[in-house]
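The values are calculated or read from the model by the stated rules, or taken from the named source; none is laboratory data. Here the structure is a predicted model, which means the values were calculated and not measured. Cβ sites come from the backbone with ideal geometry, for glycine too, and all protein chains shown count toward neighbours.
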């Protein structure tokens, strides 16, 4: 895990304009099955391997535990509703807004009080088909920017682009039905994360940030707001 993440407080609070991101190792979490709903347990049983089932249960339990800290209620009492593309929300409550992403055992939960939020995390790794994936999913200008990078920086640039796009799509709550090439983001390592162009003009003023939750991982957070302050926590 990253070294600059504070231990998560037992009773956190969110203010307007704040984004909180929590990280956790799903393989080290306690057994959360007792706080999950029958529907969540049924979904867990559909996974084909024990590892995937354990990580699903851990991720849902982690999300419930974190939300319970903000709401001041038992985690088992939290009820979820779902958008048309399956994005969860608090049933009957507007806030906080939240989003969960995980890559292997590393999970991130992002929360905001008054705006939709999306988060994505990926392990930076060699991709022999990197150029093909970029040509298929990225905007043409993004593919050109990626290929303009030195070869040793292209993997980092690719995952910068991918996580930023995924965070934006997850913030929209539309899933992959929203074309990834309908908006463009910065991707060069060391370049500030920005939305450079979007067919939907509202996207152009969204807040976008990148973080490194652990060595070798890339992650991004998107918020439907012009500005935000970011705090990062490690689950304890």
- prompt: Of the numbered conditions (1) within 16 Å of the chain's Cα centre (by Cα); (2) under 20 Å from residue 123 (Cβ atoms), residue 208 satisfies every one except a single condition; which is it?
  reply: (2)
- request: For region 130-140, state whether one or more residues are within 22 Å of residue 205 (Cα to Cα) and not in a helix (DSSP H, G or I).
  value: yes
- prompt: If you check 184, 142, which single one turns out to be in contact with a strand residue (DSSP E or B) (Cβ under 8 Å, 6 or more places away or on another chain) and over 29 Å from residue 17 (Cα atoms)?
  reply: 142
Near pairs, Cβ below 7 angstrom, 6+ apart or cross-chain, from region 129-154 (on the phi > 0 side of the Ramachandran plot and at pLDDT 95 or above) to any residue that is surrounded by 12 or more Cβ atoms within 10 Å (Cβ to Cβ) and part of a loop (DSSP other than H, G, I, E, B): none
message: Looking only at region 194-218, filter to residues that are surrounded by fewer than 16 Cβ atoms within 10 Å (Cβ to Cβ) and in a helix (DSSP H, G or I); which one of those is modelled with the highest pLDDT?
response: 205
- prompt: residue 190 passes all but one of (1) touching a strand residue (DSSP E or B) at 6+ places or on another chain (Cβ under 9 Å); (2) more than 15 Å from residue 99 (Cα to Cα); (3) not in a helix (DSSP H, G or I); which number fails?
  reply: (1)
message: When you scan region 125-137, do you find a residue that is surrounded by fewer than 22 Cβ atoms within 10 Å (Cβ to Cβ) and in contact with a strand residue (DSSP E or B) (Cβ under 8 Å, 6 or more places away or on another chain), even just one?
response: no
- prompt: Any idea which of 15, 42 is free of Cβ contacts under 8 Å to residues at least 12 places away in the same chain and either surrounded by 14 or more Cβ atoms within 10 Å (Cβ to Cβ) or farther than 26 Å from residue 214 by Cα (or both)?
  reply: 42
- prompt: Would you call residue 97 surrounded by fewer than 22 Cβ atoms within 10 Å (Cβ to Cβ), out of contact with any helix residue (DSSP H, G or I) (no Cβ under 8 Å at 6 or more places or on another chain) and within 30 Å of residue 5 (Cα to Cα)?
  reply: no
- prompt: residue 105 is checked against (1) on the phi < 0 side of the Ramachandran plot; (2) surrounded by fewer than 15 Cβ atoms within 10 Å (Cβ to Cβ) and fails just one. What number does that condition carry?
  reply: (2)
Residues within region 18-39 that are over 16 Å from residue 67 (Cα atoms), in contact with a strand residue (DSSP E or B) (Cβ under 9 Å, 6 or more places away or on another chain) and exposed (fewer than 15 other Cβ atoms within 10 Å of the Cβ), tallied: 1
